[in-house]
Amino acid sequence: MLANEDWWTGLAAADRELIDGAFGSAAEYAELMRAAESRDLAAAVERGEITLVELTPAELALWRAPATSLVQRLIAELGGESASVYAAIVAGRSAWAGRNQ
């Protein structure tokens, strides 16, 4: 939920608790969305609307190599803080992936 801080802090504690309890956490919402997307993907595959191709590690590496060089080219072209922004994204993704390990 997103709310104006002055408005939020101006509410009585009981009202904040009631509103806060009405919304699930971002993690709960993300999990619901992942489950729905997984069901939609499985249904589309079953209907023959799409073909799901699972790559071997070697095939995946062939796809990643051009993408990595593209990222580096974009960073070079954009300049400024683009390298540090990208580094922060990569670090955040790694931290998120390792949160339950």
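The values are calculated or read from the model by the stated rules, or taken from the named source; none is laboratory data. Given the structure is predicted, the values throughout are model-derived calculations rather than measurements. Methodologically, a virtual Cβ is constructed for each residue, glycine included, from the backbone with ideal geometry; neighbour enumeration extends over all protein chains shown.
Quickly run through the stretch 60-79 and pick out the residues that are farther than 17 Å from Val90 by Cβ, over 21 Å from the mean Cα position of the chain (by Cα) and surrounded by 10 or more Cβ atoms within 10 Å (Cβ to Cβ). If you could, list the steps in order and put the result at the bottom.
Of all residues in the stretch 60-79, those farther than 17 Å from Val90 by Cβ come to 60-63, 66, 77, 79.
Those left that are additionally over 21 Å from the mean Cα position of the chain (by Cα): 61-62, 66, 77, 79.
Hits for the stretch 60-79 are Ala61, Leu62.
For the stretch 54-101, a tally of residues being modelled with pLDDT under 90, in a loop (DSSP other than H, G, I, E, B) and within 26 Å of Arg39 (Cβ to Cβ) returns 2. Residues in the stretch 11-31: is at least one assigned to a helix (DSSP H, G or I), within 23 Å of the chain's Cα centre (by Cα), surrounded by 10 or more Cβ atoms within 10 Å (Cβ to Cβ) and among the aliphatic types (A, V, I, L, M)? Yes, the stretch 11-31 has at least one match.
If you go through the stretch 32-53 and keep only what is loosely packed, with under 10 Cβ neighbours inside 10 Å and either in a helix (DSSP H, G or I) or charged (D, E, K, R) (or both), you end up with Glu46, Arg47, Glu49.
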